[in-house]
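Student: One structure is given below, represented as structure tokens, and several questions about it will come after.
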Amino acid sequence: METPDPASSAKPRVLLVDDEPSFTQLMKANLERISNFAVACVNDSTKVLTICQEWKPDVVVLDEMMPEINGYEIFKTIRNSEVLPNIRIIMLSACYRPHDLENELKGNHDHMKFSKPIKARELVQAITVELERAKKERQTSGPPDSKP
């Protein structure tokens, strides 16, 4: 995994997961150029959960079809994890149609799903929406109850 420098720790953390290194490296460069995100990439689906536990990304952009462990299995594992419950997920699929950014951004989903290829600016929009949703969820849930 290529991790951002420690100075970027105040930035929202985005983990790009795809078995195509050319996709993750190009998208990482584009996201860093047009956004204020700290971006890391992983191309081995067997390492995603460990990296999520260590780096604690705010958003995971996850390819649906990967060798070893597919994106849906990773998605389910993250959702069912007690240590990773607040990670937002955006799924990407080469097979998903239609690509409807507006409906996906407005929807009230557990995750977003987009078709590949996706433009970097669209992905920035989707990540920003997920970060805002997470912020609202934290505000409405409030601090943990101190009662036994």
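The values are calculated or read from the model by the stated rules, or taken from the named source; none is laboratory data. In this text, all values refer to a predicted model and were calculated from it rather than measured experimentally. Counting neighbours? That spans all protein chains shown, and the Cβs are built from the backbone with ideal geometry, glycine included.
Student: One residue is enough: does segment 67-90 have a residue meeting the conditions outside any helix (DSSP H, G or I), at pLDDT 85 or above and in contact with a His (Cβ under 6 Å, 6 or more places away or on another chain)?
Tutor: yes
Student: Can you tell me which residues in segment 27-86 are surrounded by 13 or more Cβ atoms within 10 Å (Cβ to Cβ), basic (Lys, Arg) and either touching a residue at least 60 places away in the same chain (Cβ under 8 Å) or within 20 Å of Glu130 (Cα to Cα) (or both)?
Tutor: Within segment 27-86, Lys28, Lys56, Arg79 meet the criteria.
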